[in-house]
Each structure stands twice: as structure tokens, then as C-alpha cells.
1. Just the residues that are out of contact with any strand residue (DSSP E or B) (no Cβ under 7 Å at 6 or more places or on another chain) and surrounded by fewer than 19 Cβ atoms within 10 Å (Cβ to Cβ), please, taken from the stretch A:71-91.
2. Check B:Ala124, B:Ala88 and return the single one that is under 18 Å from the mean Cα position of the chain (by Cα) and aliphatic (A, V, I, L, M).
3. Consider A:Leu138 carefully, then state whether it is farther than 15 Å from A:Asp249 by Cα and touching a helix residue (DSSP H, G or I) at 6+ places or on another chain (Cβ under 8 Å).
4. Would you mind stating whether B:Ala172 is touching a strand residue (DSSP E or B) at 6+ places or on another chain (Cβ under 7 Å), under 27 Å from B:Val66 (Cα atoms) and either in a loop (DSSP other than H, G, I, E, B) or not acidic (Asp, Glu) (or both)?
5. For the stretch A:110-117, indicate whether the set of residues that are at negative phi and open to solvent by 50 Å² or more (accessible area, probe 1.4 Å) is non-empty.
6. Taking B:Tyr152 as the residue in question, decide whether it is over 18 Å from B:Val108 (Cα atoms) and part of a helix (DSSP H, G or I).
7. When B:Pro120 is evaluated against the numbered criteria (1) closer than 29 Å to B:Gln215 by Cβ; (2) open to solvent by 60 Å² or more (accessible area, probe 1.4 Å), which criterion, by number, is the only one it fails?
8. Which of the numbered conditions does B:Gly163 fail, given that it passes all the others? Conditions: (1) touching a strand residue (DSSP E or B) at 6+ places or on another chain (Cβ under 8 Å); (2) on the phi > 0 side of the Ramachandran plot.
There are 2 protein chains.
Amino acid sequence: LNLYPVIMAGGSGTRFWPLSRKARPKQFLPLVSERALIVDTAARMPPLASLKSTFVVCGKAHAPAVKKLLKGMPASHLLVEPAARNTAPAIGLAAAVIAKHDPAGVLVVLPSDQNVLDLPAFRAALAKAAEIAASGALVTLGIKPTRPETGYGYIQVGGPLPGFASGRRVGAFVEKPDLPKAKAYLASGDYFWNAGIFLFRADAILAEIRKHMPQLADGLDAIGEKVGSKGFTAALGRIFPKLPSVSIDYGVMEKAQNIAVVPADVGWSDVGSFAALPEVRKADAQGNVLQGFTIPVDAHNCVLLGQPGRPLAVIGVSDLVVVDAGDAILVCPKDRSQDVRKVVEALQAAGKVKFL
Amino acid sequence: LNLYPVIMAGGSGTRFWPLSRKARPKQFLPLVSERALIVDTAARMPPLASLKSTFVVCGKAHAPAVKKLLKGMPASHLLVEPAARNTAPAIGLAAAVIAKHDPAGVLVVLPSDQNVLDLPAFRAALAKAAEIAASGALVTLGIKPTRPETGYGYIQVGGPLPGFASGRRVGAFVEKPDLPKAKAYLASGDYFWNAGIFLFRADAILAEIRKHMPQLADGLDAIGEKVGSKGFTAALGRIFPKLPSVSIDYGVMEKAQNIAVVPADVGWSDVGSFAALPEVRKADAQGNVLQGFTIPVDAHNCVLLGQPGRPLAVIGVSDLVVVDAGDAILVCPKDRSQDVRKVVEALQAAGKVKFL
């Protein structure tokens, strides 16, 4: 049973401005530890799988950063998308490459920008999911919800999975709910967060892509023929940008029959905004997450990310986010941290590309 | 009637940290206009008096800054205190120097770090006060209070001043009141703020110092003998540090008999903290005082002082002060801006002298 972590690093996003920029999206930031999230993601896999069997899918602009951060990964495992085409083509590409040598190998698809607190539980869940996947099923990890979150899709568990006590059939993939629905999901115990963590054999996901996304399958076949040859990059550059831009959830998972879910209670977080940092980082006695040279005076439940050489003094505030990125500063209440995009929009409108 | 502005620039203070530092106290900051407060203060005097007849009293550390900022002032008018001895010795020194050439000249004592919005009214009040001072009285400007301020001393007006319709006798100098008293003062109309703005003839204040502070008078006489001679600096260095450290209010004004007050409604502000900046600077439509490269999103009644090259983005906050001084950052609610000293204390305790 060979596992191949496939780390999806194509994301951009503005929710961590001013730390995140176009050239340095969230997955490259040391938001949880001293290491970039993508490094934490890769480091979470051993002993299930090593960096030698890890793949990363990312955009051209970020390939050098990935190379630098994941030095032990074979160069051929860095799959650079010539254009962003969402997750179905990205995962399909990884499957096509892996299938060339190990069709029965199990892909462990992992977003590059999440955090997990309980590593033993996480690895145990992945091991169970991998076993199920080895049987040919498409498996998704279902994260046990801890709050009525309206920002995630949910997976409703279905009936038992014959032969696998730790897995369940999938009842349904459910879109992001409104708050009343999210509360009902949380109360029922039958709904889990869809974290975008999937396990399937390379041949299994390619077969499902062939069934539900034939155009994508044709493209992947054409690219797959060139894997390991000199013509690979050229074929990728010619074919990939024309592939349909569809998510693996919508394009395959929601339509496939042979799907399973492994419920997981592993301290998962998508580190969605500055306000989420207290979930994943140690706070001081006043509940403040501190970084750099900070001087909190009567400050409570704040996220204060300063620079080492520049004092960031904060007096008499609660639930405030203050970030000194060196060349830009952000101040906003935790519950407004989703509005950081408005700042990015304002900078864009003003043509201040340097800060984007 | 010769007027000699005497600008008191000995102040230090921490209420404008991180903009203000030991080497760069408030009077040297461009808090109201693009010019340092001390420059605004000097520029307020013409046509009543020119820079050529202006004096500045300051500490050694700040003499170079004063020289640089007030280039048109004669070098001999920069009176450098060898040690800080409060306002009675400082004013006495200026009086002794001026008395040497023009004993009947009228000193206009001005704190270096205040602001005045209504310049014509201010100059008119000073002109009236100067006329009264020319008769030999000690005159103080009484600022018409606009709120029940507990942070200032007050002057209670007394009876009419024979011969001078625009002045009044002083009933009493009153210490900083508590809030109920301050409210009563405001309601009565008989109490004015003591802004530390005094006018008196050089010979008159020296005579009053002789009467109420004989030790100071002796010292000033000894220094006065050397004015204009080579031995002046040496005598100042020897004698001045031993002078009693007493304020002119406590040492002279509260004890003298021949004192008068000229009520003044001139848009005065002592620019006491960041929270006071909206009194003296234009705000945007949302009530924000903005400086540098700021991006206010849904921000109201804030004071946002950024740097030109570094975006300072603020989302969804009200009545907040955010200051980027380049090498240090402050965030605090307006009503906590007096607590900035706690940050300075913390830096001091940590031995971070670079930021003091």
C-alpha cells in the first residue's frame, strides 16, 4: 500500500494581507509554527509517507518557493500548472503522473494551508482512509465540526461501509449552509466538514474522471503519455490550460457512487483568517497571540503580529488584530478580519501593485 | 513698547510616544501643521514681534534642534539651561538677559507646544495684555474654557482693572479641580484656563522674583552681570543648576499682588495627546484625522498617523489611535491615550533605550 501525498498549493487569497501577497500566498507563511504552512503539511505525513513520495501541484509563480521549502522532494514531483484550472485538473494531473508508475498507489490529497493539532489521530484517520481507498473507493476525510460554521461545505454520513468499521458511506455532499442549517448539522452529529482531504487510488480517480469528466480524462491521457519524457512540459503547457476548470468535489466526488467518508476529530483548522490564529497558536494569559516585539498593555484576546526590531505597543483593546508586515500595517477587529479583502481591493484600485 | 517672545521649550514628556522621544519631545513634532509646534509658536507672533526679538529657553539636548528650526533667531537668544530647573529660573534667566538691554521690554512667555486656531483674536489678546504689562503688572492670558477639564489649573477673575477695560484683576490661581468643581467653574464663567502664557516687563518680573524668591534673584543677578561677556556660559553653568526648581506660578504669580488676567477666546489647545489632534487638525468626512498612506475602511473618529511609503490599513474601528512612527507602532483607544506612558515605562524597564 503505497501512499503519495499530493499537496495542493495553487491557492492565492487575500485574507492574510498584509502578510500574504500575490507572490507569497498563505501556504508560504509561517502562520502556525516557524515554518510555512506547506512545510508543516508535508511534515505531517511521515511515517505514513515520506517527502520522497510527496507531490506538490502549484502555479508557476510559486514553484521556486516550493522547491526551496521542500528540498527533499524529487524535482519531478513538483507539478507546475501552466494555468490555474481548479482542483479536478490539478488532482487529475497528479493521478496521471503517479499512475504511470504505480496505478494502484493511493493519493492523499492535502490542501497546503491547513493545520492539524492532533497528529496521531490525524495519521490514524489517514491510515484507515488509505485502507478503504486501496479497495478502490474514493475516500474523503470528514472533519468533526466544532461550531456551526457557515463557511465550509459539509459531508452527510450515510450507511455503514461493508468491511470497514471506521468508514461510512457518504449520504450527500452539502453546500455551505446558512446559520440555522449549520446549527442543525452540528447538533445532528451526522454532518462533517469537507476539508478537501481525499484519498483514492490513482487508477480509481482516473476512472471516475473518465466517467464524469470525459473531456478532462482525454486531456489527462494525452498528458499522461508524455510523463517521464522530454515532451512532458510542452504537452502540459499545450493541453492543461484548455482543461475544464472544475473542482474535484463538483466534477467527481458529488457524482461518483463508490465514495466513503472517514470521520476525523483531529484538531483541524483551515487557518482561515487572522482571527483563527488563537485556534492554532499558544496565547498568553490574557488570550493574546503574540509575535515579534509586542508591548501589550491591558490587551485581551488580541492577535498581535509585530516585527522583531520594531515595538508594537497596544493599549486597552480587546479582540483586535494588529499586523505589522514590515512594509504595511493592518488594524481590524477579529470579527472584521474577512474584510481584509476590501483593503486589497482599495490598493488594487489605487494601482499600488507593490503591496498586492 | 518692545515685545520679546520667550518660548519655553524645556519640556520632555511621553504622551506622544512613539512620535516623541527623549531627543525629540513634543514641541519638535509637526503635530498640527507640517511644521514643528515650536516653529508654529514662533510664527504666531509677527507682527507683534519678530523672530529677531524672540528668545528660546531649552535644555542642552535640544539646542541643536531649536537652532535648526528657528534659523532667523539670533544665536545669543537661545538660552540653554545647564539643568532643568522648572519655569521660575527659566523665565528669570530670560528676564535677566533682556533686562540688560531693555529693562522695560515686555516678555511674552509662551509654552512651545501649544496650538492656537484664531490667530487674530490671539494677537489682539496679547496686544491688550502687553499694554497692561507695560504699566508694570504681571499679566496672564486666561483661556476661556470649552469643557470641564480636570487637567489644567484655573484662574478665577477678580474685580475690574482700573484703566484697562480688557483686563481683570486675578481673584485666585486655582489648582487642577476634580470634575464637579471643573463643571462649576465652566458654568460660572468666572474661571479661565491657565495656559502658562504670561506677559510682564523684564524689570517687573525680576522685582517680583526679588520679593518672593530672593535666592533665585541673587542667582539671576550673578548671571545677569555676565550677560554679553565671555564668562556668561561659565557663570550660567556654575549658578543655574543650583537655583531652586520652582514654577513661576507657584513661586511668583500666586504670591504677587500686581497681577492681571486678560480673558481670551482664541481656539487654544495644549495638544495634550493624540486624542486632542481632532481639535487642531482637519478630519475627513468620517471624523478621521489622517496622515501618511492610510487606508481607512469603515473607520470613524480615528487618529491614523502613518508613514508615506507604508500603507496603514484600518478596518471597522472607531475612536482609535494608530501611529506608525517608522521604528515603532502604537494602537490605543482615544480615551486611553494618556496611558502611553505605560508603554514608555515598559520600554524603560526592558532597557530598550533606543525607543525612548
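1. The answer is A:Lys71, A:Gly72, A:Pro74, A:Ala75, A:Ser76, A:Pro82, A:Ala83, A:Asn86.
2. Values: B:Ala124 fails: under 18 Å from the mean Cα position of the chain (by Cα).
B:Ala88 is the lone residue from the list that is under 18 Å from the mean Cα position of the chain (by Cα) and aliphatic (A, V, I, L, M).
3. Values: farther than 15 Å from A:Asp249 by Cα: no; touching a helix residue (DSSP H, G or I) at 6+ places or on another chain (Cβ under 8 Å): yes.
No: the conditions fail for A:Leu138.
4. Details: touching a strand residue (DSSP E or B) at 6+ places or on another chain (Cβ under 7 Å): yes; under 27 Å from B:Val66 (Cα atoms): no; either in a loop (DSSP other than H, G, I, E, B) or not acidic (Asp, Glu) (or both): yes.
So B:Ala172 does not fit the description; no.
5. Of the stretch A:110-117, the ones at negative phi are A:110-117.
So of that shortlist, the ones also open to solvent by 50 Å² or more (accessible area, probe 1.4 Å) come out as A:117.
Yes - at least one qualifying residue is present in the stretch A:110-117.
6. Values: over 18 Å from B:Val108 (Cα atoms): yes; part of a helix (DSSP H, G or I): no.
No, not satisfied.
7. Answer for B:Pro120: the failing condition is (1).
8. Among (1) touching a strand residue (DSSP E or B) at 6+ places or on another chain (Cβ under 8 Å); (2) on the phi > 0 side of the Ramachandran plot, B:Gly163 violates only (1).
The values are calculated or read from the model by the stated rules, or taken from the named source; none is laboratory data. Nothing here was measured: the structure is a model prediction, and the numbers come from that model. In this analysis, Cβ positions are derived from the backbone assuming ideal geometry, glycine residues included, and neighbour counts consider all displayed protein chains. To get the accessible areas, we keep the full protein, side chains included, count just its heavy atoms, and leave off ligands, DNA and RNA. Shrake-Rupley method; radii C 1.70, N 1.55, O 1.52, S 1.80 Å.
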